[in-house]
């Protein structure tokens, strides 16, 4: 049985741009993966082509079949989360086991830094 998961410090899912997203990735596999990556990324969806931008990666090479790893990834100052009539921009953290690409995802909301609108 395979299991992959993550938790965020203080169970937060709403952040200000520029803040650090901290948490812990956990995994259990029958055999060790080649690597486990924690990825911080944004993606657009809606009318037209979807886009994706990975802004930070925490990688664990040659992990044990079962393990856990703390991570801290910094959000950039832009773009922020937004939802329009035709297009939306959302943020997520993904824990991915390679090469099979088993995935666990946590969706985030990224607000403007304090004082910005």
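Numbers at a glance
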quantity	calculated
Enumeration of residues in region 100-117 that are assigned to a loop (DSSP other than H, G, I, E, B), touching a residue at least 12 places away in the same chain (Cβ under 8 Å) and closer than 22 Å to residue 6 by Cα	100
Residue list for region 27-42, filter: more than 10 Å from the chain's Cα centre (by Cα) and either surrounded by fewer than 17 Cβ atoms within 10 Å (Cβ to Cβ) or part of a strand (DSSP E or B) (or both)	27, 28, 30, 31, 32, 34, 35, 36
Any hit, region 67-81, residues being surrounded by 14 or more Cβ atoms within 10 Å (Cβ to Cβ), over 19 Å from residue 111 (Cβ atoms) and within 15 Å of the chain's Cα centre (by Cα)	yes
Single residue of 56, 97 found to be surrounded by 15 or more Cβ atoms within 10 Å (Cβ to Cβ), touching a strand residue (DSSP E or B) at 6+ places or on another chain (Cβ under 8 Å) and without any contact (Cβ under 8 Å) to a residue 24 or more places away in the chain	56
Any hit, region 10-26, residues being modelled with pLDDT under 95, farther than 14 Å from residue 107 by Cα and outside any strand (DSSP E or B)	yes
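The values are calculated or read from the model by the stated rules, or taken from the named source; none is laboratory data. What you are looking at is a predicted structure, and each value in this text was computed from that prediction instead of being measured. Note that we place each Cβ from the backbone using ideal geometry, even for glycine, and neighbour counts take in every protein chain shown.
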